[in-house]
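Let me begin by presenting the structure, written as structure tokens, before commenting on it.
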């Protein structure tokens, strides 16, 4: 029943996502088995933070430069605050 209800993800999209995670050093190819990936320390840090991916990356980058508290606060603000709605100049229509 579930196989009929859920469509599998597009393999190209999965490969792109895995490639991205390898490029940012969040995953590495496992040496023991073919085609498997293992999370790196950086990847485990990203996965354990209760923030969105972008906010987690920001927090970790700030932490690496000695400003962890500020990075976490900015990450929380990114996740809590909705993105502002921008109107090009002269197109304010309410």
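The values are calculated or read from the model by the stated rules, or taken from the named source; none is laboratory data. These figures come from a predicted structure and were not determined experimentally. Glycine also receives a Cβ, built like all others from the backbone with ideal geometry; neighbour counts cover every protein chain displayed.
Structural remarks
- Being modelled with pLDDT under 90 and farther than 18 Å from residue 27 by Cα is true of residue 82.
- Criterion (over 14 Å from the mean Cα position of the chain (by Cα) and assigned to a helix (DSSP H, G or I)) met by exactly one of 19, 63: 63
- The single condition among (1) touching a residue at least 12 places away in the same chain (Cβ under 8 Å); (2) out of contact with any strand residue (DSSP E or B) (no Cβ under 8 Å at 6 or more places or on another chain); (3) closer than 24 Å to residue 18 by Cα that residue 43 does not meet is (2).
- The set of residues in segment 13-40 being out of contact with any helix residue (DSSP H, G or I) (no Cβ under 8 Å at 6 or more places or on another chain) and under 23 Å from residue 79 (Cβ atoms) consists of 17, 20.
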